[in-house]
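Trainee: Let me give you the structure first, and then I'll get to my questions.
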Amino acid sequence: MSKLTITTAPIEGQKPGTSGLRKKTRIFMGPHYLENFVQAMFDGIGGVAGKTLVVGGDGRYFNDRATQVILRMAAANGAAKVIAGQNALLSTPAASHLIRSMKTDGGVILSASHNPGGIDEDFGIKFNMSNGGPAPESVTNAMFARTKEIMAYHIWEATDVDLSTSGTSTLGEMLVEIVDPVAAYVDLMQTLFDFPAIKAMIQGGARIRFDAMNAITGPYAKAIIEDLLGAPTGSVVHGTPLPDFGGMHPDPNPTWAHELMAEMMGANAPAFGAASDGDGDRNMVVGPSCYVSPSDSLAVIAANAHLAPGYAQGLKGVARSMPTSAAVDRVAEALGIACYETPTGWKFFGNLLDDGRVTLCGEESFGTGSDHVREKDGVWAILMWLNIMAASGKSVPDLMQAHWAKFGRNYYSRHDFEAIESAKADALMAALRGSLDTLAAQQIGPFTVATADDYSYLDPVDGSTSAQQGVRVVFEGGARFVVRLSGTGTSGATLRLYLEKLDTANFDQDPQTALADVIAAAHEVIGIETFTGRTTPDVVT
Ligand code: VG1
Ligand code: CO
(Lines give C-alpha, C1' and ligand atoms only; values in the text may rest on other atoms or scores of the structure.)
(Ligands and ions follow the chains in the order given, each with its own letter.)
Protein backbone atom coordinates (compact mmCIF):
# COMPACT_ATOMS: atom_id res chain seq x y z
CA MET A 1 0.00 0.00 0.00
CA SER A 2 1.30 3.41 -0.82
CA LYS A 3 0.13 6.98 -1.07
CA LEU A 4 -0.23 8.21 -4.64
CA THR A 5 -0.46 11.72 -6.00
CA ILE A 6 -2.28 11.60 -9.31
CA THR A 7 -1.92 14.35 -11.89
CA THR A 8 -5.23 15.67 -13.14
CA ALA A 9 -6.72 18.75 -14.79
CA PRO A 10 -9.81 20.83 -13.99
CA ILE A 11 -13.15 19.44 -15.18
CA GLU A 12 -15.86 21.83 -16.32
CA GLY A 13 -19.14 22.25 -14.49
CA GLN A 14 -18.36 20.97 -10.98
CA LYS A 15 -20.44 23.70 -9.39
CA PRO A 16 -22.47 22.63 -6.34
CA GLY A 17 -26.17 23.51 -6.63
CA THR A 18 -28.98 23.78 -4.08
CA SER A 19 -27.70 20.67 -2.32
CA GLY A 20 -24.24 19.63 -3.48
CA LEU A 21 -22.99 18.44 -6.87
CA ARG A 22 -25.51 16.35 -8.82
CA LYS A 23 -24.83 14.81 -12.20
CA LYS A 24 -25.63 11.74 -14.23
CA THR A 25 -24.01 8.69 -12.60
CA ARG A 26 -21.94 7.96 -15.70
CA ILE A 27 -20.40 11.43 -15.45
CA PHE A 28 -19.36 10.75 -11.86
CA MET A 29 -17.90 7.43 -13.01
CA GLY A 30 -15.76 9.16 -15.65
CA PRO A 31 -11.96 9.49 -15.29
CA HIS A 32 -10.96 11.67 -12.30
CA TYR A 33 -14.45 13.18 -12.02
CA LEU A 34 -15.25 12.04 -8.48
CA GLU A 35 -11.63 12.31 -7.35
CA ASN A 36 -11.27 15.89 -8.57
CA PHE A 37 -14.40 16.96 -6.74
CA VAL A 38 -13.53 15.14 -3.51
CA GLN A 39 -10.07 16.74 -3.49
CA ALA A 40 -11.67 20.14 -4.15
CA MET A 41 -14.09 19.55 -1.26
CA PHE A 42 -11.25 18.66 1.10
CA ASP A 43 -9.20 21.66 -0.07
CA GLY A 44 -12.29 23.92 0.16
CA ILE A 45 -12.61 23.21 3.90
CA GLY A 46 -8.91 23.85 4.47
CA GLY A 47 -7.78 20.23 4.18
CA VAL A 48 -8.67 17.16 6.24
CA ALA A 49 -5.31 16.45 7.90
CA GLY A 50 -5.92 15.22 11.44
CA LYS A 51 -9.68 15.50 11.05
CA THR A 52 -12.49 13.02 11.64
CA LEU A 53 -15.18 12.71 8.99
CA VAL A 54 -18.44 10.80 8.53
CA VAL A 55 -19.17 9.12 5.18
CA GLY A 56 -22.33 7.47 3.90
CA GLY A 57 -25.09 7.69 1.37
CA ASP A 58 -28.51 6.59 0.25
CA GLY A 59 -27.40 3.29 -1.27
CA ARG A 60 -27.96 4.25 -4.88
CA TYR A 61 -25.84 2.84 -7.69
CA PHE A 62 -22.13 3.83 -7.28
CA ASN A 63 -22.64 4.66 -3.55
CA ASP A 64 -20.36 1.80 -2.49
CA ARG A 65 -17.63 2.50 -5.08
CA ALA A 66 -17.62 6.21 -4.33
CA THR A 67 -17.32 5.49 -0.59
CA GLN A 68 -14.19 3.40 -1.18
CA VAL A 69 -12.64 6.24 -3.19
CA ILE A 70 -13.47 8.78 -0.49
CA LEU A 71 -11.97 6.55 2.21
CA ARG A 72 -8.72 6.18 0.26
CA MET A 73 -8.58 9.89 -0.50
CA ALA A 74 -9.29 10.85 3.11
CA ALA A 75 -6.44 8.55 4.20
CA ALA A 76 -4.04 10.01 1.64
CA ASN A 77 -5.00 13.55 2.67
CA GLY A 78 -4.06 12.77 6.26
CA ALA A 79 -7.48 12.38 7.89
CA ALA A 80 -7.28 10.84 11.37
CA LYS A 81 -10.49 8.86 11.15
CA VAL A 82 -13.55 8.20 9.01
CA ILE A 83 -16.80 6.90 10.47
CA ALA A 84 -18.83 5.13 7.79
CA GLY A 85 -22.31 3.67 7.86
CA GLN A 86 -22.38 -0.10 7.48
CA ASN A 87 -22.49 -0.99 3.77
CA ALA A 88 -21.86 2.73 3.15
CA LEU A 89 -25.47 3.50 4.08
CA LEU A 90 -26.63 6.56 6.02
CA SER A 91 -29.77 8.61 5.58
CA THR A 92 -29.01 12.32 5.27
CA PRO A 93 -30.52 13.17 8.69
CA ALA A 94 -28.74 10.19 10.29
CA ALA A 95 -25.45 11.41 8.79
CA SER A 96 -26.13 14.87 10.19
CA HIS A 97 -26.78 13.35 13.62
CA LEU A 98 -23.56 11.27 13.54
CA ILE A 99 -21.48 14.28 12.51
CA ARG A 100 -22.86 16.16 15.53
CA SER A 101 -23.08 13.43 18.15
CA MET A 102 -19.62 11.97 17.42
CA LYS A 103 -18.16 15.50 17.52
CA THR A 104 -16.55 15.14 14.09
CA ASP A 105 -15.24 17.76 11.70
CA GLY A 106 -17.93 17.14 9.09
CA GLY A 107 -19.00 14.54 6.60
CA VAL A 108 -19.46 13.55 3.00
CA ILE A 109 -23.00 12.54 2.01
CA LEU A 110 -23.55 10.63 -1.20
CA SER A 111 -27.00 11.16 -2.65
CA ALA A 112 -28.98 12.73 -5.43
CA SER A 113 -31.92 12.74 -3.02
CA HIS A 114 -35.27 12.53 -4.79
CA ASN A 115 -33.72 12.00 -8.25
CA PRO A 116 -33.91 8.46 -9.67
CA GLY A 117 -30.84 6.22 -9.23
CA GLY A 118 -28.97 3.77 -11.45
CA ILE A 119 -26.11 3.81 -13.92
CA ASP A 120 -28.21 5.90 -16.33
CA GLU A 121 -29.79 8.08 -13.66
CA ASP A 122 -28.40 10.47 -11.06
CA PHE A 123 -25.67 10.58 -8.44
CA GLY A 124 -24.64 13.32 -6.05
CA ILE A 125 -22.20 14.32 -3.35
CA LYS A 126 -22.12 17.07 -0.77
CA PHE A 127 -20.15 18.14 2.27
CA ASN A 128 -21.70 18.86 5.66
CA MET A 129 -19.85 20.92 8.23
CA SER A 130 -19.13 20.06 11.87
CA ASN A 131 -22.55 21.45 12.86
CA GLY A 132 -24.08 18.64 10.77
CA GLY A 133 -25.46 21.04 8.16
CA PRO A 134 -24.76 21.46 4.45
CA ALA A 135 -21.73 23.63 3.69
CA PRO A 136 -22.74 27.28 3.34
CA GLU A 137 -22.30 29.13 0.04
CA SER A 138 -18.95 30.63 1.09
CA VAL A 139 -17.56 27.09 1.42
CA THR A 140 -19.20 25.62 -1.70
CA ASN A 141 -17.86 28.61 -3.65
CA ALA A 142 -14.37 27.84 -2.36
CA MET A 143 -14.79 24.19 -3.43
CA PHE A 144 -15.94 25.24 -6.88
CA ALA A 145 -12.98 27.60 -7.20
CA ARG A 146 -10.66 24.68 -6.38
CA THR A 147 -12.27 22.49 -9.10
CA LYS A 148 -11.18 25.12 -11.61
CA GLU A 149 -7.51 25.03 -10.67
CA ILE A 150 -6.92 21.48 -9.44
CA MET A 151 -3.79 19.82 -10.86
CA ALA A 152 -3.45 16.73 -8.62
CA TYR A 153 -5.23 14.65 -6.01
CA HIS A 154 -4.03 12.27 -3.30
CA ILE A 155 -5.22 8.71 -2.92
CA TRP A 156 -4.04 5.56 -1.18
CA GLU A 157 -3.44 2.59 -3.36
CA ALA A 158 -5.22 -0.11 -1.36
CA THR A 159 -7.72 -2.91 -1.50
CA ASP A 160 -11.33 -2.21 -0.55
CA VAL A 161 -12.22 -1.65 3.09
CA ASP A 162 -14.77 -4.21 4.32
CA LEU A 163 -17.82 -2.05 4.91
CA SER A 164 -20.15 -4.92 5.71
CA THR A 165 -19.30 -5.46 9.39
CA SER A 166 -19.25 -2.99 12.29
CA GLY A 167 -15.91 -2.39 13.91
CA THR A 168 -12.66 -0.51 13.55
CA SER A 169 -9.83 -1.09 11.10
CA THR A 170 -7.05 0.98 9.54
CA LEU A 171 -6.42 2.28 6.06
CA GLY A 172 -2.85 3.46 5.90
CA GLU A 173 -2.55 5.56 9.05
CA MET A 174 -6.26 6.40 9.17
CA LEU A 175 -8.82 4.70 11.41
CA VAL A 176 -12.01 3.48 9.79
CA GLU A 177 -14.99 2.83 12.05
CA ILE A 178 -18.04 1.11 10.58
CA VAL A 179 -21.23 1.85 12.52
CA ASP A 180 -24.82 0.68 12.41
CA PRO A 181 -26.52 3.39 10.31
CA VAL A 182 -29.82 3.15 12.20
CA ALA A 183 -29.11 2.74 15.94
CA ALA A 184 -28.02 6.24 16.99
CA TYR A 185 -30.80 7.83 14.96
CA VAL A 186 -33.45 5.61 16.54
CA ASP A 187 -32.12 6.55 20.00
CA LEU A 188 -32.39 10.24 19.13
CA MET A 189 -36.00 9.89 17.98
CA GLN A 190 -36.92 8.29 21.31
CA THR A 191 -35.66 11.35 23.17
CA LEU A 192 -37.98 13.61 21.15
CA PHE A 193 -41.28 11.77 20.83
CA ASP A 194 -43.74 9.96 23.08
CA PHE A 195 -43.24 6.43 21.79
CA PRO A 196 -45.58 4.81 24.38
CA ALA A 197 -48.45 7.13 23.35
CA ILE A 198 -47.91 6.43 19.65
CA LYS A 199 -47.66 2.71 20.37
CA ALA A 200 -50.93 2.81 22.29
CA MET A 201 -52.61 4.60 19.38
CA ILE A 202 -51.39 1.90 16.99
CA GLN A 203 -52.48 -0.87 19.37
CA GLY A 204 -55.87 0.85 19.50
CA GLY A 205 -56.26 0.15 15.79
CA ALA A 206 -54.71 3.10 13.95
CA ARG A 207 -53.25 1.59 10.79
CA ILE A 208 -50.11 3.11 9.29
CA ARG A 209 -48.67 2.83 5.80
CA PHE A 210 -45.11 4.03 5.22
CA ASP A 211 -43.74 3.91 1.68
CA ALA A 212 -39.93 3.96 1.73
CA MET A 213 -39.85 3.88 -2.10
CA ASN A 214 -37.02 1.29 -2.12
CA ALA A 215 -34.72 3.98 -0.75
CA ILE A 216 -32.79 4.63 2.44
CA THR A 217 -35.61 5.02 4.99
CA GLY A 218 -36.71 1.37 4.83
CA PRO A 219 -34.39 0.14 7.62
CA TYR A 220 -35.11 3.22 9.76
CA ALA A 221 -38.89 2.96 9.34
CA LYS A 222 -38.95 -0.79 9.99
CA ALA A 223 -36.89 -0.37 13.17
CA ILE A 224 -39.09 2.44 14.44
CA ILE A 225 -42.60 1.86 13.12
CA GLU A 226 -42.69 -1.94 13.09
CA ASP A 227 -40.18 -3.03 15.74
CA LEU A 228 -40.50 -0.27 18.34
CA LEU A 229 -43.99 1.08 17.80
CA GLY A 230 -45.50 -2.33 17.13
CA ALA A 231 -47.17 -1.67 13.78
CA PRO A 232 -47.76 -4.99 11.97
CA THR A 233 -45.06 -6.28 9.63
CA GLY A 234 -45.82 -4.93 6.19
CA SER A 235 -46.82 -1.49 7.45
CA VAL A 236 -43.58 -0.34 5.79
CA VAL A 237 -43.65 -1.05 2.06
CA HIS A 238 -40.80 -0.88 -0.47
CA GLY A 239 -38.61 -1.14 2.62
CA THR A 240 -35.33 -2.50 1.19
CA PRO A 241 -32.89 0.08 -0.22
CA LEU A 242 -32.09 -0.89 -3.82
CA PRO A 243 -29.34 0.61 -6.04
CA ASP A 244 -31.90 1.70 -8.63
CA PHE A 245 -34.77 2.15 -6.14
CA GLY A 246 -36.48 -0.71 -8.00
CA GLY A 247 -37.14 1.74 -10.82
CA MET A 248 -39.15 3.99 -8.52
CA HIS A 249 -38.66 7.74 -8.58
CA PRO A 250 -38.12 8.26 -4.85
CA ASP A 251 -39.77 11.64 -4.63
CA PRO A 252 -42.52 11.65 -1.99
CA ASN A 253 -45.18 13.67 -3.74
CA PRO A 254 -48.63 12.72 -5.06
CA THR A 255 -47.26 12.14 -8.57
CA TRP A 256 -44.41 9.79 -7.72
CA ALA A 257 -45.85 8.21 -4.55
CA HIS A 258 -48.99 7.30 -6.47
CA GLU A 259 -49.33 3.82 -4.93
CA LEU A 260 -49.57 5.36 -1.48
CA MET A 261 -51.93 8.06 -2.73
CA ALA A 262 -54.27 5.49 -4.30
CA GLU A 263 -54.45 3.58 -1.03
CA MET A 264 -54.99 6.71 1.07
CA MET A 265 -57.69 8.08 -1.24
CA GLY A 266 -59.47 4.71 -1.52
CA ALA A 267 -62.04 2.96 0.65
CA ASN A 268 -60.80 1.59 3.99
CA ALA A 269 -57.66 3.74 3.93
CA PRO A 270 -55.16 3.53 6.81
CA ALA A 271 -55.34 6.25 9.47
CA PHE A 272 -51.99 7.64 8.42
CA GLY A 273 -49.90 7.41 5.28
CA ALA A 274 -46.40 8.70 4.69
CA ALA A 275 -43.49 8.46 2.30
CA SER A 276 -39.88 9.60 2.21
CA ASP A 277 -37.33 10.26 -0.50
CA GLY A 278 -34.08 8.69 -1.74
CA ASP A 279 -31.93 9.97 1.13
CA GLY A 280 -34.60 10.18 3.84
CA ASP A 281 -34.79 13.92 4.39
CA ARG A 282 -38.17 14.54 2.74
CA ASN A 283 -41.62 13.48 3.85
CA MET A 284 -45.15 13.39 2.55
CA VAL A 285 -48.02 13.12 5.01
CA VAL A 286 -51.47 11.87 3.97
CA GLY A 287 -54.60 11.10 5.96
CA PRO A 288 -57.62 9.15 4.72
CA SER A 289 -58.80 11.16 1.66
CA CYS A 290 -56.72 14.05 2.97
CA TYR A 291 -53.45 15.09 1.36
CA VAL A 292 -51.45 17.50 3.55
CA SER A 293 -49.44 20.06 1.61
CA PRO A 294 -45.89 20.46 2.97
CA SER A 295 -46.48 24.13 3.74
CA ASP A 296 -49.57 23.20 5.76
CA SER A 297 -47.67 20.39 7.46
CA LEU A 298 -45.07 22.88 8.66
CA ALA A 299 -47.80 25.15 10.03
CA VAL A 300 -49.63 22.31 11.80
CA ILE A 301 -46.37 21.13 13.35
CA ALA A 302 -45.56 24.66 14.49
CA ALA A 303 -48.98 24.95 16.14
CA ASN A 304 -48.81 21.53 17.83
CA ALA A 305 -45.15 20.69 18.42
CA HIS A 306 -45.53 21.34 22.16
CA LEU A 307 -47.48 18.06 22.30
CA ALA A 308 -44.22 16.16 21.68
CA PRO A 309 -41.99 15.77 24.76
CA GLY A 310 -38.86 17.09 22.99
CA TYR A 311 -40.68 20.34 22.19
CA ALA A 312 -42.84 20.72 25.30
CA GLN A 313 -41.08 23.96 26.21
CA GLY A 314 -42.29 25.56 22.97
CA LEU A 315 -40.49 26.81 19.88
CA LYS A 316 -37.83 29.53 19.89
CA GLY A 317 -38.83 30.59 16.41
CA VAL A 318 -39.59 29.15 12.98
CA ALA A 319 -38.08 29.54 9.53
CA ARG A 320 -39.35 28.73 6.06
CA SER A 321 -37.91 29.04 2.58
CA MET A 322 -39.20 32.03 0.64
CA PRO A 323 -41.37 30.05 -1.80
CA THR A 324 -43.00 28.11 1.09
CA SER A 325 -46.49 29.37 1.94
CA ALA A 326 -47.09 31.88 4.71
CA ALA A 327 -49.27 29.41 6.64
CA VAL A 328 -46.53 29.03 9.26
CA ASP A 329 -46.17 32.82 9.53
CA ARG A 330 -49.72 33.00 10.83
CA VAL A 331 -48.98 30.40 13.49
CA ALA A 332 -45.78 32.17 14.52
CA GLU A 333 -47.69 35.42 14.89
CA ALA A 334 -50.29 33.74 17.09
CA LEU A 335 -47.56 32.14 19.21
CA GLY A 336 -45.64 35.41 19.43
CA ILE A 337 -42.43 33.89 18.06
CA ALA A 338 -40.09 35.00 15.27
CA CYS A 339 -40.59 33.75 11.72
CA TYR A 340 -37.62 33.90 9.31
CA GLU A 341 -37.69 33.69 5.53
CA THR A 342 -34.67 32.17 3.73
CA PRO A 343 -33.69 31.16 0.19
CA THR A 344 -34.44 27.65 -1.03
CA GLY A 345 -32.13 24.98 0.37
CA TRP A 346 -31.51 23.69 3.88
CA LYS A 347 -28.04 25.24 4.08
CA PHE A 348 -29.65 28.60 4.77
CA PHE A 349 -31.30 27.36 7.99
CA GLY A 350 -28.00 26.34 9.59
CA ASN A 351 -27.03 29.70 11.03
CA LEU A 352 -30.51 30.36 12.42
CA LEU A 353 -30.52 26.94 14.12
CA ASP A 354 -26.96 27.26 15.44
CA ASP A 355 -27.69 30.72 16.78
CA GLY A 356 -30.71 29.44 18.69
CA ARG A 357 -33.12 31.68 16.82
CA VAL A 358 -35.36 28.90 15.51
CA THR A 359 -36.39 25.40 16.52
CA LEU A 360 -38.43 24.41 13.47
CA CYS A 361 -37.74 24.85 9.74
CA GLY A 362 -39.53 23.86 6.58
CA GLU A 363 -39.72 24.02 2.83
CA GLU A 364 -42.62 23.58 0.45
CA SER A 365 -40.66 20.76 -1.23
CA PHE A 366 -41.68 18.14 1.36
CA GLY A 367 -38.94 19.13 3.80
CA THR A 368 -39.46 19.67 7.53
CA GLY A 369 -37.05 19.47 10.42
CA SER A 370 -35.91 20.90 13.70
CA ASP A 371 -32.81 21.73 15.69
CA HIS A 372 -32.28 18.03 16.54
CA VAL A 373 -30.06 17.81 13.41
CA ARG A 374 -29.06 20.27 10.67
CA GLU A 375 -30.92 18.64 7.78
CA LYS A 376 -34.56 18.19 7.01
CA ASP A 377 -35.74 14.87 8.34
CA GLY A 378 -38.46 12.71 6.81
CA VAL A 379 -38.89 10.11 9.56
CA TRP A 380 -38.78 12.85 12.21
CA ALA A 381 -41.68 14.69 10.53
CA ILE A 382 -43.69 11.50 10.32
CA LEU A 383 -43.12 10.74 14.02
CA MET A 384 -44.06 14.32 14.87
CA TRP A 385 -47.39 13.86 13.10
CA LEU A 386 -48.01 10.52 14.83
CA ASN A 387 -47.17 12.12 18.19
CA ILE A 388 -49.55 15.01 17.52
CA MET A 389 -52.30 12.58 16.54
CA ALA A 390 -51.71 10.39 19.60
CA ALA A 391 -51.60 13.33 22.02
CA SER A 392 -54.58 15.21 20.57
CA GLY A 393 -56.70 12.20 19.70
CA LYS A 394 -57.44 13.85 16.36
CA SER A 395 -57.27 12.35 12.88
CA VAL A 396 -55.32 13.98 10.03
CA PRO A 397 -58.51 15.45 8.43
CA ASP A 398 -59.68 16.75 11.84
CA LEU A 399 -56.33 18.39 12.50
CA MET A 400 -56.41 20.09 9.09
CA GLN A 401 -59.97 21.37 9.48
CA ALA A 402 -59.27 22.69 12.97
CA HIS A 403 -56.11 24.38 11.74
CA TRP A 404 -57.77 26.14 8.81
CA ALA A 405 -60.73 27.19 10.95
CA LYS A 406 -58.32 28.93 13.31
CA PHE A 407 -55.73 30.35 10.91
CA GLY A 408 -57.38 30.35 7.47
CA ARG A 409 -56.13 28.27 4.58
CA ASN A 410 -53.19 29.31 2.44
CA TYR A 411 -54.11 27.54 -0.77
CA TYR A 412 -50.82 26.53 -2.28
CA SER A 413 -49.40 24.69 -5.25
CA ARG A 414 -46.12 24.27 -7.12
CA HIS A 415 -46.04 23.70 -10.86
CA ASP A 416 -42.81 22.23 -12.29
CA PHE A 417 -41.93 22.51 -15.96
CA GLU A 418 -39.11 20.02 -16.44
CA ALA A 419 -36.28 19.49 -18.94
CA ILE A 420 -36.62 22.87 -20.60
CA GLU A 421 -33.73 23.86 -22.82
CA SER A 422 -31.45 25.89 -20.55
CA ALA A 423 -31.16 28.80 -22.99
CA LYS A 424 -34.94 29.16 -23.12
CA ALA A 425 -35.29 29.04 -19.36
CA ASP A 426 -32.52 31.62 -18.95
CA ALA A 427 -34.18 33.91 -21.50
CA LEU A 428 -37.47 33.62 -19.60
CA MET A 429 -35.84 34.54 -16.30
CA ALA A 430 -33.91 37.42 -17.87
CA ALA A 431 -37.07 38.87 -19.41
CA LEU A 432 -38.97 38.46 -16.16
CA ARG A 433 -36.23 40.15 -14.17
CA GLY A 434 -36.17 42.94 -16.75
CA SER A 435 -39.91 43.54 -16.36
CA LEU A 436 -39.93 43.87 -12.56
CA ASP A 437 -39.63 47.65 -12.44
CA THR A 438 -42.65 48.17 -14.65
CA LEU A 439 -44.84 45.56 -12.95
CA ALA A 440 -45.67 47.53 -9.82
CA ALA A 441 -49.29 48.77 -9.71
CA GLN A 442 -50.15 46.95 -12.94
CA GLN A 443 -53.52 45.25 -13.22
CA ILE A 444 -53.26 41.55 -14.11
CA GLY A 445 -56.68 39.90 -14.41
CA PRO A 446 -58.46 40.50 -11.10
CA PHE A 447 -55.19 41.42 -9.34
CA THR A 448 -53.17 44.56 -8.79
CA VAL A 449 -49.44 44.03 -8.38
CA ALA A 450 -48.31 45.26 -4.96
CA THR A 451 -44.61 44.37 -5.19
CA ALA A 452 -42.39 42.57 -7.67
CA ASP A 453 -38.75 41.80 -6.94
CA ASP A 454 -35.88 39.36 -7.20
CA TYR A 455 -35.42 37.92 -3.73
CA SER A 456 -32.14 38.66 -2.02
CA TYR A 457 -31.31 37.29 1.43
CA LEU A 458 -29.23 38.94 4.09
CA ASP A 459 -28.24 36.33 6.67
CA PRO A 460 -28.95 37.96 10.05
CA VAL A 461 -26.30 35.83 11.76
CA ASP A 462 -23.21 36.11 9.56
CA GLY A 463 -24.18 39.10 7.43
CA SER A 464 -23.66 37.28 4.11
CA THR A 465 -25.88 38.07 1.13
CA SER A 466 -27.38 35.68 -1.42
CA ALA A 467 -28.91 37.43 -4.43
CA GLN A 468 -31.17 36.26 -7.28
CA GLN A 469 -32.96 33.65 -5.20
CA GLY A 470 -36.30 33.77 -7.05
CA VAL A 471 -38.62 36.32 -8.58
CA ARG A 472 -41.70 37.03 -6.52
CA VAL A 473 -44.77 38.94 -7.57
CA VAL A 474 -47.13 39.80 -4.74
CA PHE A 475 -50.64 41.07 -5.41
CA GLU A 476 -52.64 43.39 -3.24
CA GLY A 477 -54.48 41.22 -0.70
CA GLY A 478 -51.49 38.88 -0.37
CA ALA A 479 -51.91 36.35 -3.22
CA ARG A 480 -48.56 35.78 -4.91
CA PHE A 481 -46.50 33.72 -7.25
CA VAL A 482 -42.78 32.96 -7.24
CA VAL A 483 -40.59 31.74 -10.10
CA ARG A 484 -37.12 30.21 -9.90
CA LEU A 485 -35.00 27.65 -11.68
CA SER A 486 -34.17 24.41 -9.90
CA GLY A 487 -30.63 23.89 -8.62
CA THR A 488 -30.82 20.10 -8.24
CA GLY A 489 -31.61 18.83 -11.74
CA THR A 490 -29.15 17.08 -14.04
CA SER A 491 -30.62 17.66 -17.50
CA GLY A 492 -31.77 20.98 -18.95
CA ALA A 493 -33.58 23.41 -16.68
CA THR A 494 -36.60 22.93 -14.43
CA LEU A 495 -38.80 25.97 -13.96
CA ARG A 496 -40.63 26.06 -10.66
CA LEU A 497 -43.75 28.19 -10.34
CA TYR A 498 -45.04 28.56 -6.78
CA LEU A 499 -48.62 29.79 -6.26
CA GLU A 500 -50.35 30.95 -3.11
CA LYS A 501 -53.58 32.59 -1.96
CA LEU A 502 -55.09 32.94 1.51
CA ASP A 503 -58.76 32.14 2.09
CA THR A 504 -60.27 32.68 5.53
CA ALA A 505 -63.76 31.38 4.72
CA ASN A 506 -63.70 28.41 2.31
CA PHE A 507 -61.45 25.52 3.19
CA ASP A 508 -62.70 22.69 1.00
CA GLN A 509 -61.79 23.74 -2.51
CA ASP A 510 -59.41 21.93 -4.77
CA PRO A 511 -56.20 24.01 -4.63
CA GLN A 512 -55.98 24.16 -8.45
CA THR A 513 -59.49 25.63 -8.56
CA ALA A 514 -58.84 28.03 -5.69
CA LEU A 515 -55.64 29.18 -7.39
CA ALA A 516 -56.97 29.33 -10.98
CA ASP A 517 -56.85 33.13 -11.20
CA VAL A 518 -53.34 33.29 -9.69
CA ILE A 519 -52.18 30.62 -12.16
CA ALA A 520 -53.63 32.59 -15.10
CA ALA A 521 -52.06 35.83 -13.87
CA ALA A 522 -48.68 34.13 -13.46
CA HIS A 523 -48.73 32.76 -17.01
CA GLU A 524 -49.70 36.19 -18.32
CA VAL A 525 -46.78 37.89 -16.56
CA ILE A 526 -44.13 35.21 -17.17
CA GLY A 527 -45.04 34.13 -20.69
CA ILE A 528 -44.14 30.50 -20.06
CA GLU A 529 -45.71 29.40 -23.34
CA THR A 530 -44.01 32.15 -25.35
CA PHE A 531 -40.57 31.29 -24.02
CA THR A 532 -40.80 27.52 -23.68
CA GLY A 533 -43.78 26.36 -25.72
CA ARG A 534 -45.14 24.70 -22.57
CA THR A 535 -48.67 25.26 -21.38
CA THR A 536 -49.07 22.62 -18.68
CA PRO A 537 -46.66 21.58 -15.93
CA ASP A 538 -45.06 18.15 -15.75
CA VAL A 539 -45.50 17.81 -12.00
CA VAL A 540 -48.06 19.52 -9.79
CA THR A 541 -47.71 19.37 -6.02
C1 VG1 B 1 -35.09 21.30 -4.37
C2 VG1 B 1 -36.14 21.90 -3.48
C3 VG1 B 1 -35.49 22.53 -2.26
C4 VG1 B 1 -34.65 21.47 -1.53
C5 VG1 B 1 -33.67 20.87 -2.49
C6 VG1 B 1 -32.87 19.74 -1.88
O7 VG1 B 1 -34.21 22.31 -4.82
O8 VG1 B 1 -36.91 22.84 -4.18
O9 VG1 B 1 -36.49 23.06 -1.44
O10 VG1 B 1 -33.98 22.04 -0.45
O11 VG1 B 1 -34.34 20.34 -3.63
O12 VG1 B 1 -33.70 18.72 -1.38
P13 VG1 B 1 -34.34 22.97 -6.27
O14 VG1 B 1 -33.17 23.89 -6.40
O15 VG1 B 1 -34.37 21.85 -7.26
O16 VG1 B 1 -35.66 23.68 -6.29
V17 VG1 B 1 -33.21 17.12 -1.46
O18 VG1 B 1 -34.31 16.18 -0.60
O19 VG1 B 1 -33.08 16.99 -3.11
O20 VG1 B 1 -31.69 17.14 -0.81
CO1 CO C 1 -33.63 14.41 -0.10
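Trainee: Given a 1.4 angstrom probe, I'd like the percentage of the accessible area of region 382-454 that is carbon and sulfur, rounded to a whole number.
Mentor: 51
Trainee: While we're here: If you roll a 1.4 angstrom probe over the protein chains with everything in place, what fraction of the accessible area of region 2-181 belongs to carbon and sulfur, to the nearest %?
Mentor: 52
Trainee: Just check the chain against the gyration tensor rule for me: Cα atoms, a ≥ b ≥ c as the square roots of the eigenvalues, rounded for a/c under 1.5, and otherwise prolate or oblate depending on whether a/b exceeds b/c.
Mentor: Cα axes put the chain in the oblate bin.
Trainee: Can you compute the charge dipole magnitude of region 2-181 about its Cα centre, using +1 on each Lys and Arg Cβ and -1 on each Asp and Glu Cβ, nothing else charged? Give it in debye, rounded to the nearest 20.
Mentor: Computed charge dipole of region 2-181: roughly 340 debye.
Trainee: Considering only protein heavy atoms, what per residue accessible area in square angstrom results for the chain with a 1.4 angstrom probe?
Mentor: Value for the chain: 36 Å² per residue.
Trainee: Show me the helices of the chain, taken as full DSSP H stretches, that run 24 Å or more along their long axis by Cα and average 0.0 or above in Kyte-Doolittle hydropathy.
Mentor: The qualifying helices are 422-439.
Trainee: What is the dipole size for the chain, taken about its Cα centre, with +1 at each Lys and Arg Cβ and -1 at each Asp and Glu Cβ, in debye to the nearest 20?
Mentor: In total the dipole reaches around 480 debye.
Trainee: Less than 18 Å apart at the alpha-carbon level, and either on another chain or at least 8 residues along: which lysines does that give for Lys406?
Mentor: Of all the lysines, those that pass the test against Lys406 - Cα under 18 Å, at least 8 places apart if same chain - are Lys394, Lys501.
Trainee: Taking the radius of gyration and the Kirkwood hydrodynamic radius from Cα positions alone, what is the Rg/Rh ratio for region 2-181, to two decimal places?
Mentor: Rg/Rh: 0.92.
Trainee: Another question about this same structure. Using only alpha carbon pairs under 8 Å that are at least six residues apart, calculate the relative contact order of region 1-149 and give it in whole percent.
Mentor: Relative CO of region 1-149 lands at 33 percent.
Trainee: Ranked by accessible surface with a 1.4 Å probe, highest first, in what order do Thr451, Thr18, Thr217 come?
Mentor: Thr451, Thr18, Thr217
Trainee: How high is the relative contact order of the chain, in percent, counting Cα pairs under 8 Å that sit 6 or more residues apart?
Mentor: 13
Trainee: Another question about this same structure. Normalised by the residues of region 190-299, what does the relative contact order come to in percent, with Cα pairs under 8 Å and at least six apart?
Mentor: 27
Trainee: Related question: Please give every one of the aspartates and glutamates within straight-line cross-link reach of Lys3, meaning a C-alpha to C-alpha distance under 20 Å, and leave out same-chain neighbours fewer than 8 residues apart.
Mentor: Answer for Lys3, where 20 Å is the Cα cut-off: Glu35, Asp43, Glu157, Asp160, Asp162, Glu173, listed by chain and number.
Trainee: Past 20 Å, Cα to Cα: identify those pairs from Lys23/Lys148; Lys23/Lys126; Lys126/Lys148; Lys23/Lys222; Lys126/Lys347, in the order given.
Mentor: As for pairs spanning more than 20 Å Cα to Cα, those are Lys23/Lys222.
The values are calculated or read from the model by the stated rules, or taken from the named source; none is laboratory data. Only a predicted model underlies this, so the values are computations on that prediction, with no experimental measurement involved. Please note: Cβ atoms are built from the backbone with ideal geometry, for glycine as well, and neighbour counts cover all protein chains shown. Ligands, DNA and RNA are excluded from the accessible area calculation, which covers all protein heavy atoms including side chains. Shrake-Rupley method; radii C 1.70, N 1.55, O 1.52, S 1.80 Å.
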